[in-house]
Amino acid sequence: MRGGCVATVGVIGTGLMGTACVERLKAAGFDVVAFDVDDAKRALAAKLGARAAASVAEVAGQCETIVLCVFTTDQVEQVVEGKGGIAEAAQKKSRIVICTSTCDPDRLAGLAPRVEPRGVHFLEVPISGTSRQVADGVGVGLIGGDKGIMERAAPVLDAICPRRFHLGAVGDGSRTKLAVNLILGLNRAAMAEGFALAERLGLDTAAFLEVAKASACHSQVMDVKGHMMARREFDKVQGRVDQSLKDFRLILELGSKAGQALPFATIYARMLEDCVQNGEGDWDNTAILEAVRRRRAL
């Protein structure tokens, strides 16, 4: 709110994370202008109370703060500095871009100083948590960028990630997010392998889940997604297989650059590729269970 007026915030990319951000911003009282290249996703944002925009430029023309929720680093660069993008449309008017996408940290670190002279203040805020957790207000923001810009963006950040950490310069947020996602993905893989074995041994997986949650192997992954895996309900998507594969390819690339072998991450990426090859790329990432189930002992 400014002088009793409702602040307008843009959201570009209204997939799983984008719609969660729209929900949070609307609940916090913001006017939201949303754009997605997919007509159906744009219509969904409108149903949630956002005003649908026809282009990135339209969002950038109306909004001082823009939440970016696109899929890849290429898309982030195109939306921010490409033809018809935020920097061009803003015409050197001050804009804050809050990038929630999980990206190549080195490329984001290069992007931020390129667009700063054009009036675009870039803040990376990848959020740890499923889209449902973000919508519920329990996602954790991992922030890289100028603290002054972070403070200016505080009302919007309060809406989309009340819990957050400032981790350093642009790039450090994504580095942290990828290391966190490595642990998270391997937790899912461990749960999947345990479920596959329990099923093969003739145990009821729903009952097994309750035992596991009460045991020493308990993890937040079990609380958030254990029931989906136990019931094989992969259509209730909170984070897609192909998104996880994109992240793990970035993780392996970072590991290679840093000279660190990541043997478990390598295996997990191959299992995700198996899911994609079997037509499961747009399923929830708990479908890693299916890749495990397809394996048979020699």
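Out of everything in region 133-189 that is among the basic types (Lys, Arg), touching a strand residue (DSSP E or B) at 6+ places or on another chain (Cβ under 9 Å) and part of a helix (DSSP H, G or I), what residue ends up being nearest to ALA258 (Cα to Cα)?
By that ranking, first place goes to ARG175.
Looking only at residues in region 204-229 that are outside any helix (DSSP H, G or I) and of a type in the set (Ser, Thr, Tyr), which one is farthest from GLU290 (Cα to Cα)?
Per the stated criteria, the residue is SER215.
Evaluate the following for LEU262: is it modelled with pLDDT of 95 or more, over 18 Å from ARG132 (Cβ atoms) and open to solvent by 90 Å² or more (accessible area, probe 1.4 Å)?
no
One line per residue, one yes/no per condition, for (1) over 20 Å from ARG175 (Cα atoms); (2) of a type in the set (Gly, Ala, Ser); (3) touching a His at 6+ places or on another chain (Cβ under 9 Å):
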{"site": "ARG231", "(1), (2), (3)": "yes, no, no"}
{"site": "PHE234", "(1), (2), (3)": "yes, no, no"}
{"site": "SER244", "(1), (2), (3)": "no, yes, no"}
{"site": "ASP247", "(1), (2), (3)": "no, no, no"}
{"site": "SER256", "(1), (2), (3)": "no, yes, no"}
{"site": "LEU262", "(1), (2), (3)": "no, no, no"}
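Hey, among ASP223, ASP247, ASP284, which residue is open to solvent by 50 Å² or more (accessible area, probe 1.4 Å), touching a Lys or Arg at 6+ places or on another chain (Cβ under 9 Å) and either touching a residue at least 40 places away in the same chain (Cβ under 8 Å) or among the charged types (D, E, K, R) (or both)?
Testing whether each residue is open to solvent by 50 Å² or more (accessible area, probe 1.4 Å), touching a Lys or Arg at 6+ places or on another chain (Cβ under 9 Å) and either touching a residue at least 40 places away in the same chain (Cβ under 8 Å) or among the charged types (D, E, K, R) (or both) leaves just ASP223.
Hey, does region 175-189 have a residue that's at pLDDT 95 or above, touching a Leu at 6+ places or on another chain (Cβ under 8 Å), surrounded by 19 or more Cβ atoms within 10 Å (Cβ to Cβ) and of a type in the set (S, T, N, Q)?
Yes, the conditions are met somewhere in region 175-189.
The values are calculated or read from the model by the stated rules, or taken from the named source; none is laboratory data. This structure is a prediction, so every number in the text was calculated from the model and none was measured. Note: ideal-geometry Cβ built from the backbone for every residue, glycine included; neighbour counts use all protein chains shown. When the accessible area is computed, the model is the full protein with side chains, heavy atoms only, and any ligands, DNA or RNA have been set aside. Shrake-Rupley method; radii C 1.70, N 1.55, O 1.52, S 1.80 Å.
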